[in-house]
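The values are calculated or read from the model by the stated rules, or taken from the named source; none is laboratory data. None of the values given here were measured: they were computed from a predicted structure. In this analysis, Cβ positions are derived from the backbone assuming ideal geometry, glycine residues included, and neighbour counts consider all displayed protein chains. Just the protein is used for accessible areas: all its heavy atoms, side chains included, with ligands, DNA and RNA removed. Shrake-Rupley method; radii C 1.70, N 1.55, O 1.52, S 1.80 Å.
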Protein chains: 2
Amino acid sequence: MTEPTKFTLTEDRIPTHWVNLMADLPGDPLPPLNPGTMEPAGPDDLTPIFPMALIGQEVSAEPEVEIPEPVREVYKLWRPTPLYRAHRLERALDTPARIYYKYEGVSPAGSHKPNSAVAQAYANKEAGIERLATETGAGQWGSALALACSLFGLECLVYMVGASYDQKPYRRAMMESWGASVIRSPSDTTDSGRAQAAHPTGSLGIAISEAVEVAAGDADTNYALGSVLNHVCLHQTVIGQEALAQMEMAGDEPDVVIGCVGGGSNFAGMTFPFIRRVLRGEARTRFVAAEPAACPTLTRGVYRYDFGDTVGLTPLMPMYTLGHDFVPPPVHAGGLRYHGDSPIVCALVKQGLVEARAYKQNETFEAALRFARTEAILPAPEPAHAIRAVIDEAEDARQAGEQRVILLNLCGHGHFDMSAYEAYIAGNLEDPEFSEADMEAALERLPEAPAIA
Amino acid sequence: MTEPTKFTLTEDRIPTHWVNLMADLPGDPLPPLNPGTMEPAGPDDLTPIFPMALIGQEVSAEPEVEIPEPVREVYKLWRPTPLYRAHRLERALDTPARIYYKYEGVSPAGSHKPNSAVAQAYANKEAGIERLATETGAGQWGSALALACSLFGLECLVYMVGASYDQKPYRRAMMESWGASVIRSPSDTTDSGRAQAAHPTGSLGIAISEAVEVAAGDADTNYALGSVLNHVCLHQTVIGQEALAQMEMAGDEPDVVIGCVGGGSNFAGMTFPFIRRVLRGEARTRFVAAEPAACPTLTRGVYRYDFGDTVGLTPLMPMYTLGHDFVPPPVHAGGLRYHGDSPIVCALVKQGLVEARAYKQNETFEAALRFARTEAILPAPEPAHAIRAVIDEAEDARQAGEQRVILLNLCGHGHFDMSAYEAYIAGNLEDPEFSEADMEAALERLPEAPAIA
């Protein structure tokens, strides 16, 4: 094995700009709607909870947005992240495919999430905000925002989904170590929480409602979301830009780029710089979005306007949705248990630029262990879905006798998910799937809104 | 802040040789002794449990030992590790000191331990061995060996100290994810374990006895130790060699190099390449070894021949010891709960080349949180002791108005130690200290052996 394993960039190669794919998307983007007026939501709908700098990024039509220098300085604590050639996995699969993975788990919080948390904390600090409120499911986003607030001197209030709060005390301890306050959701600290007391295990949608309510009601507190929104996807594009440079170092061009999708942020971060090349006619690349069969938004959802939260406090967003009050089964990939998805990612799926696939829990953990025992890294349950898709592509390439080049976004490690591995090894994992009855029930509760063509 | 933060080496800069400090130490080294004959232990004492390649490294007089290419190939999965300038910690401390840290927590097992685990697994695989038996306390070493065995196709059997087995199910799940078998120690699978049934929480010394017994009694099974021995320290010197190159990139020369000491392997790995320069008259550098007040081997132990394990199956080694049957209080820095230390590190302390300091539990966690909230990384409890020493040096430099250059070995992250952080934040950590009565009791049970001058 004389070919390189790891493609390393020095800190001066951290991107100077984020890539805004909105500028290259064909047609006019579908706007978010004010649920009261059904008119496009404007800055006034957002200023109670977001600073103007982020609202500007949310609606920007510029192809690139400059990264503030203090944000780049923090990125230096873990970026650029490494890109690996998966020599050992390739040999184990006996495939002619060449597999590369970008590893975001080297961030101190263990995932790609700090890429946006740091940008959001900085923008809010600059706007004079004192505290950020947010929600977290698996804990990756809450940890990232706790870390970012600690570095910029902001208070951080995290509503943690009840089931995760109970199952993952160590994620909570991590957030508290970085100085955050963590509240179990649904809580009695908000109207939204009190209204959902009948669902004691909580959901991401409920926790979002609680955090938005707190932010809307306190001038010194803003809200921060870890995925879905355009500006969050924007911040994550440092991943794909670095990967482009690293694939060039490797002298290889990906045939297919693969990531998992919950709200869409890691997928967007990796793929948008590559998709821009496709939209500009500079490359031909396939893109695969992997999601859980228990929460199959892109593969089974309807393309409609829906709320981002359970209670209905957010603007209506155009997206594939399973219904804003759908509570997914408690699969271990907590970061993928969200009823909707980034409107941009949904539009790309709708247009056929991105192919979505859904996987069951056991087959993703089987893939995760295969990865861990060859490439050493223990993946988080979320990117394990993407690894499943990578292995399928590599086996397909073997059968086709193709030297396919596969690029994976390995968006986080599984150090806080070992109970899931334990359950898999013991044969105790279930394979819940979304049912037609779930979908029919959800459709009845979708809000009134204009249909999407 | 325009000065660089991170000093990055590409994979071609992974060292090609390990540094063997034995060759540069003044005088003849004190040999380990066969406890039956009190004669120097020879290869025959070691071949039942170690392959000849490692025995050769253990007694080598060569100043450098070549790293086998397959070992360097595995190192590429995480090495070279980054070196950071701690700009944010410096500002928080308002110190003129310049603080650097080498971060070994980027390895898939989360610490420096795989540097030796990989080398040991490779040597045993080459020797035709099928299985490795070992012990683990906090779980860092067991994880590292499980990983290494997985990569080289060896079986792995880990005796895990009972108290850790109960408190850290996730470390166990990590080892099992890499395919290892994990047994709670003391167990009924060995005579050593059955003899210690009265100590159900176990100790590192007992677990070592169990693993050595299994290896000695099975021709296809060897034993692997994660610290203390010369060849383990040797393997870890990739850390210090990389740090030398990175400090050169930074254009700075350390005045003091700091690490924590349990058995001594991370401390040796960082410092030996720097100590060699001092021994050769090429540099003037201070070295500080940080250890827990609850298990203060270097600061309070006696310099004597003692066993490496509790039951007395190992050769006698010349070292500072608290007595081979001393069971340290259950402080969270499980990796520092060992009655002895590397004979080389002990000799360096004895000769005054290394200064040892002991810290209590709460002051180390206070330092760890200060580090986490400025430099983002959550340290393991073990290197938190070294961070405490770094902060003391930096504050001393401020009072002296000195631009002191401090280099820290941050040997692992704390992702599997969050219950310790939780306890610290809740104010529930105790500060156990070693007592004179402990020492007096231990002295009575030291084995007969020649005195050390």
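Summing +1 for each Lys or Arg and -1 for each Asp or Glu, what net charge is found among the other residues whose Cβ lies under 11 Å from the Cβ of residue A:208?
Net charge around residue A:208: -4.
Would you tally the net charge around residue B:449, using a Cβ to Cβ cut-off of less than 12 Å, leaving residue B:449 out, and scoring K and R as +1, D and E as -1?
-2
Using Cα-only point scatterers and the Debye equation, what is log10 of I(q)/I(0) for the protein assembly as shown at each q in 0.04, 0.08 Å⁻¹, rounded to two decimals?
Reported log10 I(q)/I(0), two decimals: -0.18, -0.70.
By residue number, which cysteines of the protein assembly as shown lack any other Cys whose Cβ falls under 4.7 Å from their Cβ?
Isolated Cys, the protein assembly as shown: A:233, A:260, A:295, A:346, A:411, B:233, B:260, B:295, B:346, B:411.
Which value, in Å² and to the nearest 10, is the accessible area of residue B:59 when all protein chains are kept and the probe is 1.4 Å?
Accessible area, nearest 10 Å²: 110 Å².
Counting only protein heavy atoms and rolling a 1.4 Å probe, how much accessible area do A and B lose on contact, total for both sides, in Å² to 100?
Approximately 4100 Å², summed over both chains.
Would you mind pulling out the separation of the Cα centroids of region A:283-350 and region A:260-277, in Å?
Between the Cα centres of region A:283-350 and region A:260-277 lies a distance of 14 Å.
Could you check the simple spin-label distance between residue B:127 and residue B:47, using points 7 Å along Cα→Cβ, in nm with one decimal?
1.1 nm
Give the nm distances, rounded to one decimal, from residue B:68 to the matching residue in every other copy, measuring between label points 7 Å along Cα toward the beta carbon; shortest first.
Sorted ascending, the copy-to-copy spacings read 5.3 nm.
At a temperature of 37 °C and a viscosity of 0.692 mPa s, determine how fast region A:308-363 diffuses translationally according to Stokes-Einstein, using the Kirkwood radius over alpha-carbon pairs as Rh; express D in µm²/s, rounded to the nearest whole number.
257 µm²/s
Given B:117, B:338, B:243, which one lies farthest toward the positive end of the charge dipole of chain B, if we put +1 on the Cβ of every Lys and Arg and -1 on the Cβ of every Asp and Glu?
B:243
Among B:406, B:298, A:314, which residue has its Cα positioned farthest towards the positive end of the charge dipole of the protein assembly as shown, with +1 placed on the Cβ of Lys and Arg, -1 on the Cβ of Asp and Glu, and the dipole taken about the Cα centre?
Selected residue: B:406.
Net charge near residue B:166: determine it from the other residues with C-beta under 14 Å of the C-beta of residue B:166, scoring Lys and Arg +1 and Asp and Glu -1.
Local net charge: +4.
In chain A, what residue has the beta-carbon at the shortest distance from the axis of the rotation relating A to B, and what is that distance in angstrom, rounded to the whole number?
Result for the axis mapping A onto B: A:415, 2.
Placing unit charges on C-beta atoms (Lys and Arg positive, Asp and Glu negative, everything else neutral), compute the dipole magnitude of region A:8-121 about its Cα centre in debye, rounded to 20.
The calculated dipole for region A:8-121 is roughly 920 debye.
For residue B:183, what residues show an amide H to amide H distance below 5 Å, using hydrogens built from the backbone and excluding near sequence neighbours?
B:158, B:159, B:160
What's the whole-number percent of alpha carbon pairs in region A:254-307 lying beyond 16 angstrom?
49 percent
How do A:17, A:339 stack up against each other in accessible area, from largest to smallest, with a 1.4 angstrom probe?
A:17, A:339
Rounded to the nearest 0.05, what FRET efficiency do residue A:444 and residue A:216 have when you use their Cβ-Cβ distance and R0 = 22 Å?
Taking R0 as 22 Å, the efficiency between residue A:444 and residue A:216 is 0.20.
Principal axis extents for chain A, Cα atoms only, whole Å, descending order, please.
Sorted from largest, the Cα extents of chain A read 60, 48, 47 Å.
If we hang a label 7 Å off Cα along the beta carbon direction at residue B:127, how far is it from the matching labels on the other copies, in nm, shortest first?
6.3
With all protein chains present and a 1.4 Å probe, how do B:350, B:102, B:113 order by accessible area, largest first?
B:350, B:113, B:102
Below 28 Å Cα-Cα, how many Lys pairs turn up in chain B? Only count pairs eight or more apart in sequence, or on different chains, if you could.
16
I'd like the distance between the alpha-carbon centres of region A:41-73 and region A:365-392, rounded to an integer number of Å.
Rounded to whole Å, the Cα centres lie 35 Å apart.
Using 7 Å Cα-to-Cβ label points, what is the residue A:166/residue B:64 separation (nm, one decimal)?
Each label point lies 7 Å from its Cα, and together they span 6.0 nm.
Rounded to the nearest 5, what % of the DSSP beta bridges within the protein assembly as shown are antiparallel ones?
Close to 35 percent.
Taking the Cα centre as origin and putting +1 on Lys and Arg beta-carbons and -1 on Asp and Glu beta-carbons, what dipole magnitude results for region A:54-167, to the nearest 20 debye?
Using Cβ point charges on Lys, Arg, Asp and Glu, region A:54-167 gives about 620 debye.
Round to the nearest 0.05 the FRET efficiency obtained for residue A:302 and residue A:249 when R0 = 51 Å and r is the Cβ-Cβ distance.
0.75
Looking only at region A:1-43, which residues have a backbone nitrogen under 15 Å from a spot 7 Å from the Cα of residue A:351 in the C-beta direction?
Residues passing the 15 Å test: A:20-31.
Determine the shielding of peptide B:165-173 by partner chains: average, over its residues, the number of Cβ atoms on other chains within 10 angstrom of each Cβ.
Taking all residues of B:165-173 together, the mean is 3.
Under the convention of a label 7 Å out along Cα→Cβ, give the distances in nm from residue B:92 to the same position in every other copy, shortest first.
Reported distances to equivalent positions: 3.7 nm.
For a quick check of understanding: with a 1.4 angstrom probe and all protein chains in place, what accessible area in square angstrom does residue B:220 have, to the nearest ten?
Residue B:220 has an accessible surface of roughly 70 Å² with all protein chains in place.
Could you let me know the centre-to-centre spacing of region B:149-173 and region A:116-163, using Cα atoms, in angstrom?
35 Å
With both partners inside chain B, how many of the DSSP beta bridges are antiparallel, as a percent to the nearest 5?
35 percent
Which value, in debye to the nearest 20, describes the size of the charge dipole of the protein assembly as shown about its Cα centre when Lys and Arg Cβ atoms bear +1, Asp and Glu Cβ atoms bear -1, and nothing else is charged?
860 debye
Using only the alpha-carbon atoms of region B:1-92, report the extent along each of the three principal axes, biggest first, to the nearest angstrom.
Extents along the principal axes: 63, 33, 22 Å.
Among B:83, B:181, B:27, which residue has its Cα furthest toward the positive end of the charge dipole of chain B, with +1 on Lys/Arg Cβ and -1 on Asp/Glu Cβ?
Positive-end residue among those listed: B:83.
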